[in-house]
4 protein chains.
Amino acid sequence: MTKTLRVGILGATGMVGQRFVELLENHPQFQITALAASDRSQGKTFAEACTWRLAGAMPESVKTLAVQAPEPTLDCDLVFSSLPGDIARRTEGDFAAAGYPVISNSSAFRMDHDVPLLIPEINPEHLALIDAQKKSSNGQHGFIVTNPNCSTIMLALALAPLHQKFGIESVIATTMQALSGAGYPGVASLAISDNVLPFIESEEEKIEQETLKILGKLNGETIDDAQMRVSAQCHRVNVSDGHLAAVRVKLKGPAKIDEVKQAFSSFSALPQELKLHSAPEQVIIVREEKDRPQPRLDRDAGNGMSITIGRLQPDNVLDYRFVVLSHNTIRGAAGAAILNAELMLAMGNLK
Amino acid sequence: MTKTLRVGILGATGMVGQRFVELLENHPQFQITALAASDRSQGKTFAEACTWRLAGAMPESVKTLAVQAPEPTLDCDLVFSSLPGDIARRTEGDFAAAGYPVISNSSAFRMDHDVPLLIPEINPEHLALIDAQKKSSNGQHGFIVTNPNCSTIMLALALAPLHQKFGIESVIATTMQALSGAGYPGVASLAISDNVLPFIESEEEKIEQETLKILGKLNGETIDDAQMRVSAQCHRVNVSDGHLAAVRVKLKGPAKIDEVKQAFSSFSALPQELKLHSAPEQVIIVREEKDRPQPRLDRDAGNGMSITIGRLQPDNVLDYRFVVLSHNTIRGAAGAAILNAELMLAMGNLK
Amino acid sequence: MTKTLRVGILGATGMVGQRFVELLENHPQFQITALAASDRSQGKTFAEACTWRLAGAMPESVKTLAVQAPEPTLDCDLVFSSLPGDIARRTEGDFAAAGYPVISNSSAFRMDHDVPLLIPEINPEHLALIDAQKKSSNGQHGFIVTNPNCSTIMLALALAPLHQKFGIESVIATTMQALSGAGYPGVASLAISDNVLPFIESEEEKIEQETLKILGKLNGETIDDAQMRVSAQCHRVNVSDGHLAAVRVKLKGPAKIDEVKQAFSSFSALPQELKLHSAPEQVIIVREEKDRPQPRLDRDAGNGMSITIGRLQPDNVLDYRFVVLSHNTIRGAAGAAILNAELMLAMGNLK
Amino acid sequence: MTKTLRVGILGATGMVGQRFVELLENHPQFQITALAASDRSQGKTFAEACTWRLAGAMPESVKTLAVQAPEPTLDCDLVFSSLPGDIARRTEGDFAAAGYPVISNSSAFRMDHDVPLLIPEINPEHLALIDAQKKSSNGQHGFIVTNPNCSTIMLALALAPLHQKFGIESVIATTMQALSGAGYPGVASLAISDNVLPFIESEEEKIEQETLKILGKLNGETIDDAQMRVSAQCHRVNVSDGHLAAVRVKLKGPAKIDEVKQAFSSFSALPQELKLHSAPEQVIIVREEKDRPQPRLDRDAGNGMSITIGRLQPDNVLDYRFVVLSHNTIRGAAGAAILNAELMLAMGNLK
């Protein structure tokens, strides 16, 4: 039996914050009791402060909640954070220091040696780093758990079964990323109209570094990076939601194409076993059609929590190539953090 | 002094056909005297038969020309062809058999062993294959010269200076291609709205094969393919004109990043030396800004005949990576064929 | 208690056909037992014949149904038709002649004097025309009921409460219509990229004529057109789903703005009273925000069956102006026909 | 013979400011000698301060000019202003008080009784208001001349010939406006992706009021508004450049459709007679095709200074309807101001 935890959302008025609100509506284990934002919306109700930008209407249950300052006096058992990078480091640190579990979508703490960079299907054992955090802060009871960058989650989920079965020597990923990844207002319409932007600030570095930590091995109180080379080129395209990546991979051992396909489609892990609320039944959906995955048609697969792979083929330079897609603000952000919290609740890290 | 040749256009009502008409308006060496199309437009004037889809108005000089059947009775000295692949093989062959020089943008004959796959800046010596063609057809005076696929031209132009200076071992290209590459009506608006399509029929194969021939060496009456491995993944994005490719390259010898940049920006060849009418002064424009090239801002560089390269960086898996862009219906199609004809006129292949 | 009727879909592979399939999945009263299409898909299963273009996956229940020719030998109790106009007249006539009730979204029979042009919230009494149809065809048991054009339904629903309460003298509507209204492939992406098209074939005439019949009065075995003047200018914009219209209206009698607003928001009719399965609770949603309705945010209101009105203001030339939006392939097409059938079942016209 | 005047640009780094720079490059009468901006770019060169967002490259001639504060110490004979509304009133007033002629695209002074709201083809006689300005400010030698809102210019140019020939009783305009009208960054890409926005701040009011002043009569030192009723509904659509309006008009006297068409296409005025540099030969281009004008195809007509009208038809409610298009940042903004200055130079208002 699961108890209901009271949660606060830091950065509640932003694009990812709104996804948190949407996905937590009617969640069986978490109930929103506090909303915070760093902008000038404090003191208003959420209905007044937040221009709702998702399809459908703002959930009734949050409309009259007051928007508070993102300071560690919120009335809740844990916080989800989607604060912008520049203020996340200080604010999330304050919340942890004050005893809150912080489940963060921000990049601020991802690469800290004692902070789990968690994808429940891949590295649930990394939660052991929480003990290291607690140890290093005598008397502190809070801690921080992060989820990776939106593109990295998708890539890591695609690589995980290959890494486990065959080993990976190198990966080349070229992304075509959606507008919602930049938040709101984000990309100017005049910048992307009839255009592609071949640059996203810090994105290539995040993919190249975070992937190694996610696929790395827990070694006592730290993570040993996975031994592989990762190359990322990132682009912004005129799509609202749904990141796409064209991927080539060189494996350590031999693998037939059917074995690769089978590794993808049979991939299932602890969240599926535990039947976590947000865990998709099918982690990786393999499409056989020659023109899939496509953002508009496939981003909502598994309620936005599955990733979709298609166009698996032998490659002339590395071993195999394929295209992978996921919903960048669900599996790639708010949904990722919520699944992290569900796992932590199941594993006893939250109470 | 150059004489004016009378040219016919096969496939004149299509997107590339219209570019031929636009680019040949006021050309100093070529004058359009015949227009042909395979659709139901025969017997009408061009103004009646062709819905003009380029910005600006249809040139006055072609409005009253009759649209004829694509049969080798056209009143002209040579033909430019942008016929669809399925009928190009027979029709272009008929024209060549009837004595016409055929300068083709179609894929039908590109990989024939005695047909030049010509980019004037890269392989002008491949024009020697024309003699092989003539020899094999006793009494035939016509011949066929082709230009590569739109994405391949851009990629080959980017690779040529590296191939010449350092040698290339392998290339990985991921394209984001414009709608005009699919002709008209081409891609349905509902298919591309808020979307990316990860598949373009035969495109990956064309890039992987044509590149080797273009960069190959003339060996008597045939071409020895370049020895390198090429991998292409192709995507359609919601952009009207301008193909983009994210490229990684592994060189045969060592090269510093400044040497690579210098190889790009100093690249100049026979068309520039001969000051051919359509040859851009700067073949490769290297942009230093972190967010260039972009289709909307850079596609018209050098009147659509320059390619633009940016984001040159060391790569974690191969040696270097960069992004390249060109105008797919100018440098990648009609402009390519016209530059081919200009070179051939200068070299004495047309008279 | 309702019985389950077996339904066939004519034009099942098109955009509206797919909406029929999607909306009838799990419908409590109708079960799809036959699928027909006029293209070359006959003889294949639906999964083979139909490229599914809606978000989500094709329902399992129809995948193995054979696609049949649209001929009146289908095994079903009634047919829904979204055949293209040119073949709809003959085919729907054949089905009616063979005894089938035909619930049609096509334009072919809409303006026939004995065919109901039905919007259940507005003119349920027009169903009496079915008797006229039956009378005129001795021994024929089938009949045809149509729903209006997608833009007309939206406009008529907005006008109905004003017509009933205040009388309407004239209406000026300027539409901005979505791509899905043109079917698939419909509008070429190159035609609409960075563009607006100020023309949709026959659309202005349909709106101007159909509106008068819908709001007209049953007079024995025919309909007397409503006495008002309607002006429509129609445009295609780069939106996937959701038609928008800017409307001015001149009323016959005086009405305060709050009375107009109240007339909209309180509008409720027979389908709401009967609690028909597809009837939205709120027929007209009035938004107070200054920048609503918007296609992407409001098209799915009421499961796509509500219309949304905003920006109600006094007008300098006519009396009032407002903006109205609805989902063009749900309330404007497939959902409209299904609601028609639900009403007919409730009223005893289907059995 | 014309002398060359030295001009400053206020708001030089914005979208309209960049158009000023582009259009004044190589202008025969005006030379840019000063650039000013209100943002944090002061002290940098224009090349450093301004991210060039138009196609093509920033003109060489302005790259090394220093960006200055918008204060009346600029070294120039007159200023063009595209300052944002909130600071325009004070800053433009300061420049006028300091003796500069101010040719403004801002809305700040448009409706002031002694400020010309000038469209050279329509109301050149309104320049007489300059004397009223000078009189009211003893010892002040500067003055302000404004051009209308981007949508209003297009509408007024379409109405002018009808107003002059037949008289206008009422006008109903529904606009579909381009993104560049909102400046940069302007509309967020997520806001307009797959969407239409039915609201543009203050736009409907501007069209409804400015039109009356433009078409009004000079009466001594003020303008008597034209006697007609104007209704505007404004929408933002996903188009980069080119505003479109669907217009209905009720005339005061009878006019056959051919007379209306003739009035449009024969419209020519003082700027054409004087052969002003930026004046288009054809003020109004009438297109006969059923699907024109279109933003992407027609916005650049007459170098962006012609307007294009199509779909002229009788209307069911008012007398006639048509669709009109113009380039919103050329004829609708920077080009409008430059044409104003050219007229003023020709008329002796600038020296």
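At a glance:
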{"item": "Check on C:ALA158, outside any loop (DSSP other than H, G, I, E, B), touching a Leu at 6+ places or on another chain (Cβ under 8 Å) and at negative phi", "result": "no"}
{"item": "Subset of region D:204-243 that is over 17 Å from D:ILE119 (Cα atoms), surrounded by fewer than 22 Cβ atoms within 10 Å (Cβ to Cβ) and charged (D, E, K, R) - its residue that is nearest to the other protein chains (Cβ to nearest Cβ)", "result": "D:ARG229"}
{"item": "Considering residues of region A:77-128 that are free of Cβ contacts under 8 Å to residues at least 24 places away in the same chain and of a type in the set (Lys, Arg) only, the residue nearest to A:GLU210 (Cα to Cα)", "result": "A:ARG89"}
{"item": "Residue among D:VAL62, D:VAL102, D:VAL79, D:VAL67 that is assigned to a helix (DSSP H, G or I) and either touching a Cys at 6+ places or on another chain (Cβ under 7 Å) or hydrophobic (A, V, I, L, M, F, W, C) (or both)", "result": "D:VAL62"}
{"item": "Boolean, B:ASN303 is surrounded by fewer than 22 Cβ atoms within 10 Å (Cβ to Cβ), assigned by TED's automatic domain parsing to the domain that holds B:PHE267 and within 30 Å of B:ALA341 (Cβ to Cβ)", "result": "yes"}
{"item": "Of the criteria (1) more than 20 Å from the chain's Cα centre (by Cα); (2) within 14 Å of chain B (Cβ to nearest Cβ); (3) closer than 19 Å to D:ARG311 by Cβ; (4) not acidic (Asp, Glu), which one C:LEU190 fails", "result": "(3)"}
{"item": "Members of region B:193-203 that are more than 9 Å from every other protein chain (Cβ to nearest Cβ) and either over 19 Å from the mean Cα position of the chain (by Cα) or hydroxyl-bearing (Ser, Thr, Tyr) (or both)", "result": "B:SER202"}
{"item": "Meets criteria (surrounded by fewer than 24 Cβ atoms within 10 Å (Cβ to Cβ), modelled with pLDDT of 95 or more, assigned to a loop (DSSP other than H, G, I, E, B) and of a type in the set (Ser, Thr, Tyr)) for C:SER107", "result": "yes"}
{"item": "Test: residue in region A:51-67 that is in contact (Cβ under 8 Å) with a residue 12 or more places away in the chain and over 18 Å from A:VAL21 (Cα atoms)", "result": "no"}
{"item": "Meets criteria (more than 14 Å from chain A (Cβ to nearest Cβ) and surrounded by fewer than 18 Cβ atoms within 10 Å (Cβ to Cβ)) for D:GLN133", "result": "no"}
{"item": "Residue among C:ARG53, C:ARG19 that alone is modelled with pLDDT under 95, among the charged types (D, E, K, R), surrounded by 15 or more Cβ atoms within 10 Å (Cβ to Cβ) and not in a strand (DSSP E or B)", "result": "C:ARG53"}
{"item": "Which numbered condition C:ALA182 misses (of (1) more than 14 Å from chain B (Cβ to nearest Cβ); (2) closer than 24 Å to C:PHE109 by Cα; (3) of a type in the set (A, V, I, L, M))", "result": "(1)"}
{"item": "Test result for B:GLN177, more than 14 Å from every other protein chain (Cβ to nearest Cβ) and not aromatic (Phe, Trp, Tyr)", "result": "no"}
{"item": "When residues of region D:269-294 are limited to those that are within 13 Å of another protein chain (Cβ to nearest Cβ) and closer than 24 Å to D:ASN123 by Cβ, the one surrounded by the fewest Cβ atoms within 10 Å (Cβ to Cβ)", "result": "D:GLN282"}
{"item": "Among residues of region A:244-263, those that are buried (at least 23 other Cβ atoms within 10 Å of the Cβ) and not β-branched (Val, Ile, Thr), counted", "result": "4"}
{"item": "Yes/no for C:PHE166 being within 8 Å of another protein chain (Cβ to nearest Cβ) and surrounded by fewer than 24 Cβ atoms within 10 Å (Cβ to Cβ)", "result": "no"}
{"item": "Test for B:SER151: is it within 14 Å of chain C (Cβ to nearest Cβ), in contact (Cβ under 8 Å) with a residue 12 or more places away in the chain, part of a helix (DSSP H, G or I) and in contact with a Ser or Thr (Cβ under 6 Å, 6 or more places away or on another chain)", "result": "no"}
{"item": "Search result, residues across region B:314-329 that are hydrophobic (A, V, I, L, M, F, W, C), out of contact with any Pro (no Cβ under 6 Å at 6 or more places or on another chain) and within 8 Å of chain A (Cβ to nearest Cβ)", "result": "B:VAL317, B:LEU318"}
{"item": "Verdict on B:ALA132 being among the hydrophobic types (A, V, I, L, M, F, W, C), modelled with pLDDT of 95 or more and either in a helix (DSSP H, G or I) or in the same structural domain as B:VAL283 (by TED's automatic domain parsing) (or both)", "result": "no"}
{"item": "Single residue of region C:295-306 satisfying the filter (among the hydrophobic types (A, V, I, L, M, F, W, C) and under 9 Å from C:PRO280 (Cβ atoms)) that is farthest from the other protein chains (Cβ to nearest Cβ)", "result": "C:MET305"}
{"item": "Residue match in region B:25-46 (condition: outside any strand (DSSP E or B), at pLDDT below 95, among the aliphatic types (A, V, I, L, M) and in contact with a Lys or Arg (Cβ under 9 Å, 6 or more places away or on another chain))", "result": "no"}
{"item": "Residue check for D:ASP258: more than 14 Å from chain A (Cβ to nearest Cβ), farther than 27 Å from C:VAL249 by Cβ, touching a Leu at 6+ places or on another chain (Cβ under 9 Å) and charged (D, E, K, R)", "result": "no"}
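Yes/no per residue for (1) assigned by TED's automatic domain parsing to the domain that holds A:SER81; (2) at pLDDT 95 or above; (3) within 30 Å of A:GLY348 (Cα to Cα); (4) among the polar types (S, T, N, Q):
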{"site": "A:PHE143", "(1), (2), (3), (4)": "yes, yes, yes, no"}
{"site": "A:LEU155", "(1), (2), (3), (4)": "no, yes, yes, no"}
{"site": "A:ALA160", "(1), (2), (3), (4)": "no, yes, yes, no"}
{"site": "A:MET176", "(1), (2), (3), (4)": "no, yes, no, no"}
{"site": "A:LEU179", "(1), (2), (3), (4)": "no, yes, no, no"}
{"site": "A:ILE192", "(1), (2), (3), (4)": "no, yes, no, no"}
{"site": "A:PRO198", "(1), (2), (3), (4)": "no, yes, no, no"}
{"site": "A:GLN209", "(1), (2), (3), (4)": "no, yes, yes, yes"}
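The values are calculated or read from the model by the stated rules, or taken from the named source; none is laboratory data. Given the structure is predicted, the values throughout are model-derived calculations rather than measurements. Note that we place each Cβ from the backbone using ideal geometry, even for glycine, and neighbour counts take in every protein chain shown.
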